[in-house]
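**Q** Have a look at this one.
Taken together, the values in this text are just the output of simple stated rules run on the coordinates, not laboratory data. This is a predicted model, so every value here is computed, not measured. Cβ placement follows ideal geometry from the backbone for every residue including glycine, while neighbour counts extend to all protein chains displayed.
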Amino acid sequence: MYKFASVIVFVLLVFVSCSQKGFVFDGKKVQEVKVADMGDLYSTYIFSKDDQTQLSSAFNNKSLVSDISAYSKEKNWPDAINTLEKRLQVRPTMLQYHFYKVATLGNKTIVALPPDKNRHMPAGFVPATTIYMVFAGKTIIGK
Amino acid sequence: MLKLIFISLFFISIGCYGQFTKGTRTVGLNLTSFNFSSLNSSYDVNQIGSSSNTNNSLNVSITPSMGWFISEQVLVGGSFSFNLNNSKFTAGNNVTRKGNSFTAGIGSFGRYYFGATNFMPYAQASLGVSFGSGKNTWDETYTTYSEKGEGNQKSIFNINAGIGMGLTKMISKNTGLDISLGYGFTNSSFDYSSESNIQYNNPPSSELRKSEYKYTGVNHGASFSIGFLIFLDPK
């Protein structure tokens with residue numbers, strides 16, 4: 001009986017330990033970061049050939065480059081944040097997103113916003129799929 | 001902190017002995033989650049002024065259950081689950097977003113009691129499914145355009161599985177207060193479609209915007225539950 005209870009406790013402890021903050025991207029666990037200023041966001045960043053080559057060499061899964069290129073544009077973001085005028089109104093709420101740093105391009109940092117880590121956001125803010133945002137690197141702070 | 005609570009529950013369980021009668025039935029009602037939050041935040045920027053946001057949300061989950069002791073220590077049973085979500089988000093005077101969803105489901109559980117004294121620790125595993133729907137609306141006015149829209153979450157389907165440990169504290173001859181901590185997984189899927197109408201001011205024009213997607217995802221995390229359990233003698 002006690003053996004059974006110990007197994008249950010052990011399994012619970014393992015699950016709790018595994019539920020630490022983190023997001024698996026390209027097979028690696030990436031860390032959550034904070035954004036200091038939402039004004040440092042590039043909402044329609046165009047990835048140059050050099051940018052794409054750099055990202056491609058950094059990732060194991062090459063299709064992530066096209067995902068980042070597509071889902072870092074505001075038109076593919078959730079209803080509540082897909083235009084500048086909307087974002088200007090909801091910046092305090094956008095700071096409550098969970099951002100995960102996935103790549104660096106010179107003085108810019110790319111962060112991912114996975115839907116499963118952002119279910120706490122209000123209606124209209126939760127992404128349908130993982131979206132990406134390109135920020136000036138200086139505004140990204142480790143957590 | 002959570003680890004300490006689990007370890008404490010485990011050691012409490014070691015000190016208890018006792019047994020139930022096979023055939024004892026139980027009827028219970030648990031509050032598996034209750035969360036009301038009201039968040040006000042503001043953001044000041046020299047060049048563009050300030051904006052303030054308010055988000056009020058309510059989430060309630062209740063789980064009525066029925067069970068039978070198939071042996072002196074093992075309780076198995078079935079349960080219903082009801083989950084309600086309601087939220088209202090405002091930004092300044094010109095942005096309002098409302099959302100609500102409701103799911104209902106059925107499940108089963110197995111529970112192993114380590115004792116049958118006044119203070120009964122147990123380990124439990126559960127499995128369930130739930131179905132439902134949701135809706136969100138938004139009404140926004142900006143300097144260059146305004147937008148009104150409605151989105152619908154259809155065919156919400158959740159599969160839940162969890163394990164946990166808890167205590168039943170007898171507060172009368174047949175009634176126990178039930179408290180448990182656990183870890184659960186939820187595989188969730190739904191179809192979402194939305195339609196919004198955008199009116200531009202200059203030049204005056206309008207646009208109908210539609211979007212559709214299918215969502216599938218897995219959430220997992222610790223959970224806390226509190227409720228009552230009534231023990232009914234075997235017939």
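**Q** Quickly run through the range A:99-113 and pick out the residues that are hydroxyl-bearing (Ser, Thr, Tyr) and over 18 Å from A:Asn61 (Cβ atoms).
**A** A:Thr109
**Q** Residue by residue through the range B:192-207, note down the ones that are over 17 Å from B:Tyr142 (Cα atoms) and loosely packed, with under 13 Cβ neighbours inside 10 Å.
**A** none
**Q** While we're looking at this one, here's another question. Which one is farthest from A:Pro115 (Cα to Cα) among residues in the range B:210-235 that are among the basic types (Lys, Arg) and more than 9 Å from chain A (Cβ to nearest Cβ)?
**A** B:Lys235
**Q** Right, another one. Regarding the range B:146-157, can at least one residue be identified that is aliphatic (A, V, I, L, M), surrounded by 15 or more Cβ atoms within 10 Å (Cβ to Cβ) and within 11 Å of chain A (Cβ to nearest Cβ)?
**A** no
**Q** Next question. Just give me the residues in the range A:60-87 being of a type in the set (Val, Ile, Thr) and either assigned to a helix (DSSP H, G or I) or surrounded by fewer than 16 Cβ atoms within 10 Å (Cβ to Cβ) (or both), in sequence order.
**A** Matches in the range A:60-87: A:Val65, A:Ile68, A:Ile81.
**Q** For the range B:158-186, give me each residue that is within 11 Å of chain A (Cβ to nearest Cβ) and farther than 17 Å from B:Ser33 by Cα.
**A** None - no residue of the range B:158-186 is within 11 Å of chain A (Cβ to nearest Cβ) and farther than 17 Å from B:Ser33 by Cα, so the list stays empty.
**Q** Quick one: B:Arg209 ticks every box in (1) touching a strand residue (DSSP E or B) at 6+ places or on another chain (Cβ under 7 Å); (2) charged (D, E, K, R); (3) over 30 Å from A:Trp77 (Cβ atoms) except a single one, so which number is it?
**A** Result: B:Arg209 passes all but (3).
**Q** Is one or more of the residues making up the range A:117-135 of a type in the set (Ser, Thr, Tyr), touching an Asp or Glu at 6+ places or on another chain (Cβ under 9 Å), under 19 Å from A:Val30 (Cα atoms) and within 14 Å of chain B (Cβ to nearest Cβ)?
**A** Yes.
**Q** Which residues, taken from the range B:72-94, are outside any loop (DSSP other than H, G, I, E, B), among the polar types (S, T, N, Q) and over 16 Å from B:Gln124 (Cα atoms)?
**A** The answer is B:Ser81, B:Asn83, B:Asn85, B:Asn86, B:Ser87, B:Thr90.
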